[in-house]
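Visitor: To start, I am sharing the structure in question, which I have written as structure tokens.
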Amino acid sequence: MSNPAAVSFEFFPPSDETAAQELLACVQRLAPLEPRFVSVTYGADGSTRTRTRACVARIRQETGLEVVPHLTCVGATREEVLRIAEDYWQQGIRQLVALRGDAGAADLSAEGRYRPRADGFAYASDLVAGLKSVGKFDISVAAYPEGHPESGGVDADLGNLKRKADAGASRAITQFFFDTELYLRYRDRCAAAGIRMQLVPGILPITRMPQLLRFAARCGSTVPAWLRRRFEGLDDDPETHRMVAASVAIEQVQRLREHGVDEFHFYTLNRAELTSAICQSLGLRPRIRQAQVA
């Protein structure tokens, strides 16, 4: 581990000004770690579109960080999505995260299956191709080491990832996981499938176990029994919970480093403490940043 790893951080748009101030404090605490970029999510069904754009603008203005907005297929027409992308390009934004997005009620058939809208982008691979028609964006996409819940398994998901790569994506960020072997097997299978783009592990520091279990149930990630046992009895002991959570994540990133992984994407949930501690373990040290001049 001679060289520090590269990192990126994900945030979600705040719902009000109080949350906005808390988010900005989180970003400013993590900014001195010099992330490669920070991303801002879009909402499960595209519902936070306006707040995402406002959040992107504010972080760029107040920190000078490279900010990467998320864009999704659901909840918008092709014209609407490409108009947003064109606006980002005009602002000087050159990186995007392209996702299908979680389907809302309007995107589901009577049987509860995803039903693409006729005037929209159907899947992330279609979105990537559309964004490439706007400009030479550096595009990140999602990858699922355990398979997307709707894909039909890892093999089907690998096919989807290959289509996203062929459409022009340059980086895949994985869904969170806790079994290092899952990631390593998936990395090998990506290589065997001819997927050459970078595969960045997504790391989720555990702030609350009930919240983690809800996330995992929704996205299909496994929460191992050994991990649950580590947090037993800690619901009313936040200090010990934080120490255990930091230890778990530090062990995970160190094992991945031993297998040649040199970049990590952190799902911060707009909280800096755990992510900052994990980055310290990766050899990153805060650097003083010049204040932005309005």
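The values are calculated or read from the model by the stated rules, or taken from the named source; none is laboratory data. Nothing here was measured: the structure is a model prediction, and the numbers come from that model. Cβ placement follows ideal geometry from the backbone for every residue including glycine, while neighbour counts extend to all protein chains displayed. Heads up: the accessible areas ignore ligands, DNA and RNA and are worked out on the full protein's heavy atoms, side chains in. Shrake-Rupley method; radii C 1.70, N 1.55, O 1.52, S 1.80 Å.
Visitor: Using the Kirkwood radius built from alpha carbon pairs, what does the Stokes-Einstein equation give as D for the stretch 178-294 at 25 °C and 0.890 mPa s, in µm² per second?
Guide: Values: Rh = 16.0 Å.
For the chosen part, D equals 154 µm²/s.
Visitor: Taking amide H positions as placed 1.01 Å from N in the peptide plane, with prolines and chain starts having none, which residues 5 or more places from SER39, or on another chain, fall under 5 Å of its amide H?
Guide: Sorted by chain and number, the residues that satisfy this are PHE9, GLU10, PHE11, VAL68.
Visitor: While we're looking at this one, here's another question. Enter the accessible area per residue of the stretch 1-147 (Å², integer; probe 1.4 Å; all protein chains in place). Write down the numbers at each step before the final one.
Guide: Details: 6570 Å² over 147 residues.
On a per-residue basis, the stretch 1-147 sits at 45 Å².
Visitor: Okay, next question. Would you mind checking which residues have amide H under 5 Å from PHE121's amide H? H placed 1.01 Å from N; only 5 or more apart, or other chain.
Guide: Answer set, sorted by chain and number: ARG78.
Visitor: Across the stretch 225-239, in residue order, what do the Karplus-derived ³J(HN,Hα) couplings come to in whole Hz, using 6.51 cos²θ - 1.76 cosθ + 1.60 with θ = phi - 60° and x for Gly and Pro?
Guide: 4, 4, 6, 4, 5, 4, 9, 4, x, 9, 4, 10, 10, x, 5
Visitor: Counting only Cα atoms, I'd like the Rg/Rh figure for the stretch 33-157, Kirkwood definition for Rh.
Guide: Reported Rg/Rh (Cα atoms, Kirkwood Rh): 0.98.
Visitor: Calculate, in nm to one decimal, what ARG228 and GLN254 gain on full extension: separation in residues at 0.36 nm each, minus their alpha carbon distance.
Guide: Difference between extended and current length: 7.3 nm.
Visitor: Let me ask something else. If amide H atoms are built 1.01 Å from N in the plane of the peptide, which residues on other chains or at least 5 residues away come under 5 Å of the amide H of VAL200?
Guide: Sorted by chain and number, the residues that satisfy this are ALA172, ILE173, THR174.
Visitor: Rounded to the nearest 0.05, what FRET efficiency do GLU86 and LEU213 have when you use their Cβ-Cβ distance and R0 = 30 Å? Walk me through the intermediate numbers first.
Guide: Values: r = 40 Å, r/R0 = 1.33.
After rounding to 0.05, the efficiency reads 0.15.
Visitor: Further question on the same structure: Would you please put 77-85, 264-272, 188-196 in order of how densely packed they are, using the mean number of other Cβ atoms within 10 angstrom per residue and starting with the highest? Show your work: numbers first, answer last.
Guide: Values: 77-85: 16.8, 264-272: 21.7, 188-196: 13.2.
The densest-packed peptide leads the list: 264-272, 77-85, 188-196.
Visitor: Right, next: For the chain, which whole percent of the accessible surface, found with a 1.4 angstrom probe, sits on carbon and sulfur atoms?
Guide: The C+S portion of the solvent-accessible surface of the chain is 47 percent.
Visitor: So, one more: Treating only the Cβ atoms of Lys and Arg (+1) and Asp and Glu (-1) as charged, compute the dipole magnitude of the stretch 192-294 about its Cα centre; round to the nearest 20 debye.
Guide: 300
Visitor: Here's another thing I want to ask about it. Can you compute 3J(HN,Hα) from phi for each residue in the stretch 137-154, using the Karplus curve 6.51 cos²θ - 1.76 cosθ + 1.60 with θ = phi - 60°, rounded to whole Hz and x for Gly and Pro?
Guide: With coefficients 6.51, -1.76 and 1.60, one gets 5, 8, 10, 9, 10, 8, 9, 10, x, 9, x, 5, x, 9, 7, x, x, 5 Hz.
Visitor: ³J(HN,Hα) across the stretch 273-282 via Karplus (A = 6.51, B = -1.76, C = 1.60, θ = phi - 60°), whole Hz, x for Gly/Pro?
Guide: Values, residue by residue: 4, 5, 4, 4, 5, 5, 5, 4, 5, 7 Hz.
Visitor: Per residue, how much accessible area does the stretch 153-194 have with a 1.4 Å probe, in Å²?
Guide: 41
Visitor: What percentages, rounded to whole numbers, describe P(r) for the chain computed over all alpha carbon pairs with 5 Å bin width beginning at zero?
Guide: Pair shares across the bins are 1, 5, 12, 16, 18, 18, 15, 10, 4, 1, 0.
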